[in-house]
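Read-outs: derived from the displayed coordinates by stated rules, not from any lab. Small disclaimer: the values here were computed from a predicted structure and weren't measured. No Cβ is skipped: glycine too gets one built from the backbone with ideal geometry, and neighbour counts run over all protein chains shown.
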Amino acid sequence: MTYVISGLPVADFQPLFGMSDAELADRNIVRMTADAPVGFPCRISLADARPGATLLLLNHEHLPVDSPYRSRHAIFVKEAATETARFVDEVPPVLTVRKAISVRSFDAAGMMLDADLAAGDEIEPLILRLLDNPDAAYLHAHNAGRGCYAARIDRS
């Protein structure tokens, strides 16, 4: 089975890039500068920002479904992001370097079917197991520690 792990659409965030700190604050968004090689994961590029890069920390609705699982949480997006990442049959390093990833499967109605945890470098078997369920429409990966949405996973 093949799968694709996708970042968020860059076009959804481009209007925010370059706004002043005051304009961002009016939207409850904070500009931050990465100060470590790991810890500032961009949800567009699916890569950790390099030290010195600026990111926006904002609240994002990653599961806009009409079900009890509708969800939003804080995410980072790099202001320099220009392209939405797409990894086919490959887990991006931004996920593999994490201690633990929660992978959750959802049906077409947005109801959670299953979920489990795996070390970042061991999530591919979990992805394949969850996608093996014919009722699974898509998966969401979350950083287990802080609970942040990390990426969407679909069959390809």
*Return 148, 42 ranked ascending by Cβ neighbour count within 10 Å, so the fewest neighbours appear first.*
148, 42
*Provide the descending list of Cα extents for the range 28-81 along its principal axes, expressed in whole angstroms.*
39, 22, 17
_Loop only by DSSP, 16 or fewer other Cβ within 10 Å of the Cβ. Give me the chymotrypsin sites (Phe, Trp or Tyr not before Pro) in the range 63-156 that pass, ordered by residue number._
69
*Read phi for every residue in the range 30-46 and hand back ³J(HN,Hα) as whole Hz from Karplus 6.51 cos²θ - 1.76 cosθ + 1.60, θ = phi - 60°, with x for Gly and Pro.*
10, 8, 10, 10, 4, 10, 8, x, 10, x, 10, x, 6, 7, 8, 7, 6
*Would you mind ranking 90, 83 by Cβ crowding within 10 Å, fewest neighbours first?*
83, 90
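Label the chain by shape, choosing from rounded, prolate and oblate, from the square roots a ≥ b ≥ c of the eigenvalues of the Cα gyration tensor; if a/c is under 1.5 it is rounded, and otherwise prolate applies when a/b is larger than b/c, oblate when it is not. Each step should come with its number before you reach the end.
Working: a/c = 2.02, a/b = 1.54, b/c = 1.32.
Verdict is prolate for the chain.
Assuming 0.36 nm per residue, please report the length gained on full extension of the stretch residue 38 to residue 80 beyond their Cα-Cα distance.
Details: separation 42, 0.36 × 42 = 15.12 nm, distance 1.70 nm.
Gain in length upon complete extension: 13.4 nm.
Given the -39500 (n - 2.57) contribution per DSSP H run of 4+ residues, what per-residue ellipticity at 222 nm results for the chain, rounded to the nearest 500 deg cm²/dmol? Don't skip to the end; give the middle numbers.
Working: 3 runs with 18 residues, N = 156.
Taking each H run of at least 4 residues, the total per residue is -2500 deg cm²/dmol.
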